[in-house]
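Structure first, commentary second.
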Amino acid sequence: MDKLVFGTAGIPIITSPRDYQTAFDVLEELNLGGMEVEFVRGVNMNPQTMTLVKRISKEKNLVLTAHGPYFINLNAEEPEKIEASKKRILDTARAANNFGGYSITFHAGFYLKQDKETVYRQIHSQMAKIIETAEKESLDVWIRPETTGKGTQWGDLDEIIRLSKEFDKVLPCVDFSHLHARSAGQFNTYDEFASIFEKIGNELGDYALKNFHAHIAGIEYGQKGEKRHLMLGESDFNYKDLMKAFKNFDIKGVIICESPNMEEDAMLLQKTFLNL
Ligand SMILES: [Zn+2]
């Protein structure tokens, strides 16, 4: 990617009627550069809509990503749940590939009280099968497990980086607010943000910094991690220093804002970034 774009987690709130055509008009009016298509309750876009979404997003030069369903656990006990999880991830990638998307993200699984190494190996072996199918079908999107917001969910920064190292098509989706919540308040200073970019650059190479996919929102958290998303203005999340780090490391890619007032906060992030 040759730029850093800011977008919303789903169709902007003010969009009416709530269709993609209108959503993309709204994004253009607000001067935002992208959107994440939310398949969180299932991958449910029909082929005609995919064609339309692809055409209009290309015309307007919007970067699109997709978020996979919440019902995914590559570490499930039941084999049928693992199969269904792989299918949901692949269906998200297939849809994104068809609507001209750049990247997909999903929450990969739960530890279920098992030790971290066992869970890593299980998720790695399922991911290998997903990538094999994605390559067979020539799906041209980044496949990104997301850094998660709770200690019960697989996916701290090191685990996501480790998995990304093993597959060409896999890169992290760094949800900065999740990292902050998961660690009960860390990952909130310039130096901590810089250390994330340094680690990703060192471990995965510069292309990972030039093809970034991030989530940012205000967030409420406790000892167990994420509680709910907030507006940036009512949370303690230090987005200003995060934008500085994005700037100083010359990050390219897409930042998706998941605040409840997503287009407002996406614009706030963009304005903060552009004023640096
Ligand atoms: Zn997510």
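How long is the gain from Met1 to Glu78 if the chain were fully straight, where each residue apart is worth 0.36 nm and the alpha carbon distance is subtracted?
Length gained, Met1 through Glu78: 23.8 nm.
When the Cα atoms of segment 4-274 are enclosed in a convex hull and the volume is divided per residue, what value in Å³ results? Write out the running numbers ahead of the final one.
Values: hull volume 31.9 nm³, N = 271.
Residue-normalised Cα hull volume stands at 118 Å³.
Quick one: dipole size for the chain, taken about the Cα centre, charges +1 on Lys/Arg Cβ and -1 on Asp/Glu Cβ, in debye to the nearest 20.
Values: 33 positive and 41 negative charges, 71 e Å.
Dipole about the Cα centre, nearest 20: 340 debye.
Under the rule a/c < 1.5 gives rounded, and otherwise a/b versus b/c splits prolate from oblate, where does segment 199-276 land using the Cα gyration tensor? Working shown, then result.
Details: a/c = 2.13, a/b = 1.41, b/c = 1.51.
Cα axes put segment 199-276 in the oblate bin.
Can you tell me how segment 211-251 classifies by the Cα gyration tensor, rounded, prolate or oblate, using a/c under 1.5 as the rounded cut? List each step's numbers first, then the result.
Numbers: a/c = 2.60, a/b = 1.92, b/c = 1.35.
It comes out prolate by the Cα gyration axes.
Sequence-distant or interchain residues sharing an amide H contact under 5 Å with Ala9, placed H: which?
It is Glu36, Cys257, by chain and number.
Size of the dipole of segment 88-137 about the Cα centre, Lys and Arg at +1 and Asp and Glu at -1 on the beta carbon, nothing else charged, in debye to 20? Present the calculation step by step, with values, prior to reporting the outcome.
Numbers: 7 positive and 6 negative charges, 29 e Å.
That gives a dipole near 140 debye.
Please give the contour-minus-distance gain from Glu234 to Asn31: 0.36 nm per residue of separation, less the Cα-Cα distance, rounded to one decimal in nm. Each step should come with its number before you reach the end.
Details: separation 203, 0.36 × 203 = 73.08 nm, distance 2.39 nm.
Gain on stretching Glu234 to Asn31: 70.7 nm.
State, as an integer percentage, the relative contact order of segment 4-274 based on alpha-carbon contacts under 8 Å between residues 6 or more apart. Don't jump to the answer; show the numbers that get you there.
Values: 545 pairs, mean separation 49.5, N = 271.
The value is 18 percent.
Cross-link candidates for Lys136: which lysines have Cα within less than 29 Å, leaving aside residues fewer than 8 places away along the same chain?
Of all the lysines, those that pass the test against Lys136 - Cα under 29 Å, at least 8 places apart if same chain - are Lys54, Lys58, Lys81, Lys86, Lys87, Lys165, Lys169, Lys210, Lys252.
If you average the C-alpha positions of segment 155-169 and of segment 203-226 separately, how far apart do those two centres end up, in angstrom?
What the calculation gives is 13 Å, centre to centre.
Values in this text are rule-based calculations from the coordinates and carry no lab data. Remember, predicted model here, so these are calculated numbers, not experimental data. A quick note on method: Cβ atoms are made from the backbone with ideal geometry, for glycine too, and the neighbour counts reach across all protein chains shown.
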